[in-house]
Amino acid sequence: MKALVFTAPGQVELLDVPEPEPAPREVLVEVRAAGICGSELHGARRPGFRQPPLIMGHEFAGTGAGGEPVVVNPILSCGRCAECRRGLRHVCREREIIGVHRAGGFAERVAVPASALRPLPPGLPWEAAALIEPAANAVHAWNLAGRALGASGAVSTDGAQRARVAVIGCGAIGLLCAAMALSSGAALVEVTDLSPARLAAAQRLGAEVASPGLSGEYDVVIDAVGSAATRAASVAHQRPGGVAVWLGLAEEEAGFDANALIRSEKRVLGSFAYRDEEFAQAMARISDWDLTWAAGYPLAEAAGIFTDLMNGGLHPLKALLLP
Ligand SMILES: [Zn+2]
Ligand SMILES: [Zn+2]
C-alpha cells in the first residue's frame, strides 16, 4: 500500500510499504481523511518523540472492519495507573500516541487497537471527521479555562459574567479554540496572527482581529503558538486572577514575568490533548463550525504538501490527506 513516510530529518516520501497486520485486539482502518498537524511539521524538521522511519498521522478517520465510519482517538494509555483511573489517561506516564510512537494515518490503511475507535455520527464529511482530534484539544483547553475561572467564568452563558478571550496564533488549533469559545458564549474573542489568511479564517468564525496586537486585559488568553514571546504576552494581557492556557509547543523557554504572575494572582495552565469525554464533545460540535480553512488533497500529493508546509508555506492553512 502507499504511505507517506517520515524517512529522515526534514524528509518525507510517498512509498510502497507492506500492508499492516493487525495484532490481537487490533482493527484495520481504511483511512479516508488524515490531517497534517503543526506538531508533525515541527517534529519532522527536528526529530524528538517522532523518530524516522515513521508513518505519522494522529488526526484521522476512516472505515472499520465492517465498513462502518469511525474516527480514531489516538491516545493509548496503560489503563492501570492513578491518572488513568482518575479519567486523566491523556497524561498517563506510559502514554503513547498513534502516529507518533507507532504507525499512524498517513497511509491507505493502518492497524489500531479496537479500543481507539469511536463511531462517527451518520453523514459527517470525512474532512470534518479528521478535524475532531484537533477540535478535542480546543474543547480541553476551554474546559480547563472554565474550571479555573469557576462557574461564573468562561463556561457561563450569563451575560454579566461572560468571558473576554484572546487567542494568540490562528493555525488550526487557534482557530478551533476561537470556535469553541465563540460557541460557548464568550463575550468577545480577539485573535492575533502574523498571517492575513489566518486572520481572515478567524473572522469567518466570528472572531475579531486584535489590531495591531493584543491590548488591554482578557479573562482568558489562549496561546496556540508557544514561543517565549507569546507566552509572555499571555501573562501580560491576562487580567488579575485570569487564566492563560498554553497549548503551543514552538519553544521550550517560558519567557514570562513570574513576579507579575504572583502579584496579580495570574495563572498559567498547560493543556495537552483531551479527556475521552472531550473527544466526544468535539465530535458533537464539529459540524456547527466553519471549516472552510481546511483543504483536502489526494495521498499522491502528500509529500509535496507536507514538505511545503514544513518549510514555512502557509497554504493551505490546514491540509487533510484523502487516501
Ligand atoms: Zn495534532
Ligand atoms: Zn496510565
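Residues whose amide H falls under 5 Å from that of residue 268, counting only those 5 or more places apart or on a different chain, are 244, with hydrogens built in the peptide plane.
Could you sort 168-181, 104-117, 221-234, 239-252 so that the peptide with the highest average Cβ count within 10 Å comes first and the rest follow in order?
Most protected by this proxy first, the peptides run 168-181, 221-234, 104-117, 239-252.
Here the contact order of the chain, divided by its residue count and restricted to Cα pairs under 8 Å and six or more residues apart, works out to 19 percent.
Computed over the range 194-323, the P(r) curve from all C-alpha pair distances, binned at 10 Å from the origin, holds 11, 29, 37, 18, 4, 0 percent per bin. The Cβ shell under 12 Å around residue 220 holds other residues with a net charge of +2, Lys and Arg each +1, Asp and Glu each -1. Estimated purely from DSSP H runs of n ≥ 4, each contributing -39500 (n - 2.57), the mean residue ellipticity at 222 nm for the chain is -8000 deg cm²/dmol once divided by its residues.
Using the Kirkwood formula on the Cα atoms of the range 67-196, what hydrodynamic radius do you get, in angstrom to one decimal? Value: 16.9 Å, from the Cα pair sum.
Can you pull the Rg over Rh of the chain, Cα-only, Kirkwood?
Ratio of gyration radius to Kirkwood radius: 0.96.
Suppose we look only past 26 Å in the calculated P(r) of the range 1-148. What percent of the Cα-Cα pairs does that tail hold? Result: 26 percent of Cα pairs exceed 26 Å. Among 256, 306, 60, 272, sorting on how many other beta-carbon atoms sit within 10 Å of each Cβ, with the fewest leading, yields 272, 256, 306, 60.
How many angstrom lie between the Cα centre of the range 4-68 and the Cα centre of the range 162-240? Rounded to whole Å, the Cα centres lie 31 Å apart. Rounded to the nearest Hz, the phi-derived 3J(HN,Hα) couplings of the range 288-298 under the Karplus curve 6.51 cos²θ - 1.76 cosθ + 1.60 (θ = phi - 60°) are 7, 9, 5, 10, 5, 7, 9, 9, x, 9, x, where x marks glycine and proline.
Only helices reaching 20 angstrom along their own axis (Cα) with mean Kyte-Doolittle hydropathy no lower than -0.5 count here, and for the DSSP H runs of the chain these are 132-149.
All of the numbers you see were taken from the coordinates with simple rules; none came from a lab. Not measured: the values here are computed from a predicted model. As a convention, Cβ positions derive from the backbone with ideal geometry for all residues, glycine included, and neighbour counts pool all protein chains shown.
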